[in-house]
Amino acid sequence: MITKTFGMNGVHPNDYKSYTSRKPVEYIDVPDRVYIPVGQHIGKPAKIVVQVGDIIEEGQLIAEADGFVSANIHASIPGTVVGIESRYQTNGRKCDVIVIELNGRFSKTGSAVQLADWKSMSKKDILTKIQQAGIVGMGGAGFPTHVKLTIPKEKTIDTLIINGVECEPFITADHRLMLERSEDILEGIGILNKVVDAKNVCIGIEANKKDAIKRLKTLCHNRYPYKIVPLKVHYPQGDEKQLIKAITGRILPTDKLPLDVGVVVENVATTVAIKEAVANDKPLIDRIITVSGSGVTHQRNLKVKIGTLVKDIIDGCGGLRDGVKKVVVGGPMMGFSQMNLDAPVTKGTNCILAFTDDEYMDFVNNATCISCGKCVSACAFGLMPTLMNKHIKYKQFDKAKDLGLMFCKECGACSWVCPAHIPLTQIFRMGKDIVKKQGI
């Protein structure tokens, strides 16, 4: 199997995917309460359109997009709005959440019913359906999908790339999706390509998912003109910039978007959500996540309701083992350590990890950089992490910005290779926040 990759930079962490790669997706018990954030996406938070005491149905609009770069939010369970409060999210930031107490019948989460003939729909109608359903990028970025698919008239898209890479260690949610919902992925691609009208459609999958590669190749054979592209296991292969380079050979400039080089990239989970929105009239109210690591009793792939608390999900996996050092939401490279387990799952949550000493690597506070350059070699985006770190340390945020701080993807590769265990990713995340707040 010939595999492609983006170049020599990047890292090769152990993947730890064997915990869950062969575990089919299961349903977790529906919680008694969900806490649904109104800011689950890039752009302006949605505007709340319900009040405490309202009785609502599953899938009902509870917060509407506040502008073009925003996204609708829907109730993931039927019940009563019992509170609107500010709560910390898994990324450590506070956000308003709508609290719903379970009561009533489920209506939209049973077997998928084909409600619309999307092949007869116009591009505008498809985009409207995607926008109404609150679809955002489910690979972690949370960018509103209708915005990404609104292609300026002066731009031409010749390549649609479906991202099935899932390069972060531990996470297998997309892997299971490609095995269990492969027909839905292919139908979702058809819907997507009716909008972007690309002559080339490629599905990029890392080579450690041989069963997914085989299944999609078999389904596409003589049925769909889609190319399955096996990719080398190489982090951060799943980043848009690196994926475009690996598959097309095109280099995406730092300050440009994929559409500037004729490409649209969509994650496989987003593709399924698009299919459900357009063909099944289902808003984005649930998603598949991986719960893994040595610190959780039962490692599982789960379909969970948006707004379910992390602690409820962990309880559904038998709870935490003794000796847990850290709980991380998101992958170990890009995820966020949790102060407690009271934050809710959002549209962009793909993983919950619990670490014991088996996988835990403690970062040293105020560790000294030895200027070894390993972080520079690891950075797939051509940045200088060692110098950016020094500028931030001495509060020279303008100089860090000049070195490309705002273009850091927070992939975690530099932190992973640092022999001094300096938490570079967290430092850059903090530095970017300060630059934005100070308007530097």
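We did not get these values from a lab; they are worked out from the coordinates using the rules stated. Predicted, not measured: the structure shown is a model, and the values here were computed from it. When we count neighbours, we look across all protein chains shown, and the Cβ atoms used for this are built from the backbone with ideal geometry, even at glycine.
The table that follows gives values for the structure above.
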{"quantity": "Eligible lysines near K326 by straight Cα distance, threshold 22 Å, same-chain separation 8 or greater", "calculated": "K17, K94, K311"}
{"quantity": "Cα-based shape type of the chain, given that a ≥ b ≥ c are square roots of the gyration tensor eigenvalues and the cut on a/c is 1.5", "calculated": "rounded"}
{"quantity": "Cα centroid of the stretch 9-41 to Cα centroid of the stretch 71-100, whole Å", "calculated": "19 Å"}
{"quantity": "Amide H contacts of I28 (H built 1.01 Å from N, under 5 Å, at least 5 apart or other chain)", "calculated": "K303"}
{"quantity": "For peptides 385-394, 165-174, 316-325, sequence by mean Cβ density within 10 Å, most packed first", "calculated": "165-174, 385-394, 316-325"}
{"quantity": "Unpaired by the 4.7 Å Cβ criterion, cysteines found in the chain", "calculated": "C95, C167, C202, C220, C317, C351, C369, C372, C379, C408, C411, C418"}
{"quantity": "Residues whose placed amide H lies under 5 Å from that of D54, excluding near-sequence neighbours", "calculated": "V81"}
{"quantity": "Burial ranking of peptide ranges 373-384, 18-29 (average Cβ count within 10 Å, highest at the top)", "calculated": "373-384, 18-29"}
{"quantity": "Theoretical FRET efficiency, 1/(1+(r/R0)^6), r = Cβ-Cβ of E57 and H421, R0 51 Å, to 0.05", "calculated": "0.55"}
{"quantity": "Electrostatic dipole magnitude of the chain [Cβ: Lys, Arg +1; Asp, Glu -1; Cα centre; debye, to 20]", "calculated": "1240 debye"}
{"quantity": "Charge tally in the Cβ shell below 14 Å around M8, where Lys, Arg are +1 and Asp, Glu are -1, M8 excluded", "calculated": "+4"}
{"quantity": "Whole-Å distance, taken between Cα centres, linking the stretch 279-349 and the stretch 381-440", "calculated": "28 Å"}
{"quantity": "Pairwise label distance in nanometres, I84 with I440, each label 7 Å out on the Cα-Cβ vector", "calculated": "3.6 nm"}
{"quantity": "Local net charge near G412, Cβ-Cβ under 11 Å (Lys/Arg +1, Asp/Glu -1)", "calculated": "0"}
{"quantity": "Ranked I56, I73, criterion: other C-beta atoms within 10 Å, fewest first", "calculated": "I56, I73"}
{"quantity": "For the chain, with +1 on Lys and Arg beta carbons and -1 on Asp and Glu, the positive-most of G79, C411, L102 along the dipole", "calculated": "C411"}
{"quantity": "Karplus (6.51, -1.76, 1.60) ³J(HN,Hα), θ = phi - 60°, over the stretch 325-337, in Hz, Gly and Pro reported as x", "calculated": "8, 7, 10, 10, 9, x, x, x, 8, 10, x, 10, 5"}
{"quantity": "MRE, 222 nm, helices only [DSSP H, n ≥ 4, -39500 (n - 2.57), over the chain, to nearest 500]", "calculated": "-7500 deg cm²/dmol"}
{"quantity": "Neighbour-count ranking [beta-carbon atoms within 10 angstrom, fewest first] of I48, I191", "calculated": "I48, I191"}
{"quantity": "From phi via Karplus (6.51, -1.76, 1.60), per-residue ³J(HN,Hα) for the stretch 396-406 in Hz, x at Gly/Pro", "calculated": "9, 5, 5, 5, 5, 5, 4, 7, x, 3, 6"}
{"quantity": "Under Karplus coefficients 6.51, -1.76 and 1.60, residue-wise ³J(HN,Hα) of the stretch 189-204 in Hz, glycine/proline x", "calculated": "4, x, 5, 4, 6, 5, 7, 8, 6, 8, 7, 10, 10, 10, 10, x"}
